[in-house]
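See structure below.
The values are calculated or read from the model by the stated rules, or taken from the named source; none is laboratory data. Remember, predicted model here, so these are calculated numbers, not experimental data. All Cβ positions, even for glycine, are placed from backbone atoms using ideal geometry, and neighbour counts span all protein chains on display.
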Amino acid sequence: MKLIDSIVTQTAGMAAIRRDIHAHPELCFEENRTADLVANKLTEWGIAIHRGMGTCGVVGIVKNGTSTRAIGLRADMDALPMQEFNTFGHTSEYAGKMHACGHDGHTTMLLAAAQHFAKQRNFDGTVYLIFQPAEEGGGGAREMIKDGLFEKFPMEAVFGMHNWPGSEVGKFLVSAGPVMASSNEFKITIHGRGAHAAAPHNGLDPVPVACQLVQAFQTIISRNKKPIDAGVISVTMIHAGEATNVIPDHCELRGTVRTFTLEVLDLIEQRMKQITEHTCAAFDMTCEFEFVRNYPPTTNSAKESEFARQVMASIVGADNVAEQEPTMGAEDFSYMLQRKPGCYGFIANGDGTHRDSGHGEGPCMLHNPSYDFNDDLIPLGATYWVRLAEAWLKTSD
């Protein structure tokens with residue numbers, strides 16, 4: 001690997017920062033301590049900052065030369081509302097909060113790149129360092145955009161990166177097109193009429209209707225959309241009744257829908273609504289249908305994805321840059337990619353053997369209570385950020 005020596009020499013200090021962030025996780029829109037840490041470090045290194053975007057987002061501004069060209073590099077800062085199982089020295093100090101997705105590492109990799117930029121600005125233009133709050137369900141990227149991210153900091157393209165457990169450290173993954181799905185939620189309430197369970201003819205039982213809906217929704221996937229188009233409908237919650245001898249007067253279904261395109265999402269929402277209303281009507285019942293669209297699909301633009309691939313290959317070799325298989329997980333970097341061309345890439349986090357003694361049982365997978373970011377990624381990820389910005393803003397352009 002062709003790592004930047006000055007970044008490598010700072011790895012221990014950056015790992016200490018990462019572990020400090022890990023020990024003090026903050027949930028979406030509450031990342032005040034983390035934002036303070038980021039802002040203080042950038043200021044200490046002489047980098048201009050803008051604070052408060054999207055509640056507590058931080059943007060670092062690194063300029064050099066006279067070019068008006070600019071690139072954005074984004075890292076997320078928030079943690080998850082879950083209890084950590086690890087017991088090593090930097091485990092979470094806050095009950096019910098944990099950095100189980102590696103955002104502590106994402107923040108640190110971009111900080112390590114920022115420290116290098118502060119000393120060596122081998123480019124002509126501007127690098128915007130975007131430290132974003134509230135990726136985990138809060139839509140922090142959307143809120144930063146609403147606050148004028150791209151108007152106040154005009155950039156040609158924006159890039160993001162996520163760690164990826166299970167792949168060997170020293171590898172990157174990147175693909176053009178959809179790489180993460182849209183995330184959507186539904187809530188369906190079926191209104192029947194309660195009765196004694198021994199006399200069902202006196203009521204309208206919503207439970208069999210709910211069962212029919214669960215099955216019918218899967219025909220949307222198998223019979224309405226094109227077989228080559230990806231889509232998932234998962235009913236994950238069914239709530240009805242309070243006693244074994246009472247037919248409930250209503251039943252509630254909740255779940256999630258995932259797609260890689262808005263066209264398939266439109267189809268699924270429309271068909272789910274039709275099936276729900278008509279099935280309930282067929283059983284002489286009424287219903288309420290709620291469908292909430294959260295994050296849109298994360299879709300990488302072709303030019304920027306190929307550019308990122310070439311930069312990755314220049315660091316680790318072409319054989320160590322693989323195609324990223326699209327995942328039905330979601331990511332709010334999608335909002336940025338709706339506004340700007342760019343690429344969301346992945347950096348391999350290893351198999352979990354990097355974890356200190358005292359880690360919890362189970363694999364080192366994302367959103368797992370035994371997860372921990374691999375500090376060996378810090379110099380590699382930071383080198384990627386630096387080389388990406390330098391290549392994008394090279395003087396010859």
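One table, with the values for the structure above:
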{"quantity": "Some residue of region 135-148 being in a strand (DSSP E or B) and in contact with a strand residue (DSSP E or B) (Cβ under 6 Å, 6 or more places away or on another chain)", "calculated": "no"}
{"quantity": "Identity of the residue in region 350-374, of a type in the set (Asp, Glu) and surrounded by fewer than 18 Cβ atoms within 10 Å (Cβ to Cβ), that ends up farthest from Met180 (Cα to Cα)", "calculated": "Asp356"}
{"quantity": "Any hit, region 14-29, residues being part of a loop (DSSP other than H, G, I, E, B) and either without any contact (Cβ under 8 Å) to a residue 60 or more places away in the chain or not assigned by TED's automatic domain parsing to the domain that holds Gly125 (or both)", "calculated": "no"}
{"quantity": "Output for region 332-349, where each listed residue is surrounded by 21 or more Cβ atoms within 10 Å (Cβ to Cβ) and either among the polar types (S, T, N, Q) or more than 17 Å from the chain's Cα centre (by Cα) (or both)", "calculated": "Ser334, Asn349"}
{"quantity": "Selection status of Ala348, in contact (Cβ under 8 Å) with a residue 40 or more places away in the chain, in a helix (DSSP H, G or I) and small (Gly, Ala, Ser)", "calculated": "no"}
{"quantity": "Some residue of region 41-58 being within 13 Å of Phe117 (Cβ to Cβ) and either outside the structural domain of His162 (by TED's automatic domain parsing) or among the aromatic types (Phe, Trp, Tyr) (or both)", "calculated": "yes"}
{"quantity": "Residue in region 165-179 that is of a type in the set (A, V, I, L, M), more than 24 Å from Asp76 (Cβ to Cβ) and either out of contact with any strand residue (DSSP E or B) (no Cβ under 7 Å at 6 or more places or on another chain) or part of a loop (DSSP other than H, G, I, E, B) (or both) present", "calculated": "no"}
{"quantity": "Top-ranked residue in region 230-273 [being acidic (Asp, Glu) and surrounded by 15 or more Cβ atoms within 10 Å (Cβ to Cβ); ranked as farthest from Phe291 (Cα to Cα)]", "calculated": "Asp249"}
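Let's see how each residue does on (1) of a type in the set (A, V, I, L, M, F, W, C); (2) touching a residue at least 60 places away in the same chain (Cβ under 8 Å); (3) assigned to a strand (DSSP E or B):
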{"site": "Glu252", "(1), (2), (3)": "no, yes, yes"}
{"site": "Glu263", "(1), (2), (3)": "no, no, no"}
{"site": "Ile268", "(1), (2), (3)": "yes, no, no"}
{"site": "Thr276", "(1), (2), (3)": "no, yes, no"}
{"site": "Ala281", "(1), (2), (3)": "yes, no, no"}
{"site": "Glu304", "(1), (2), (3)": "no, yes, no"}
{"site": "Arg309", "(1), (2), (3)": "no, yes, no"}
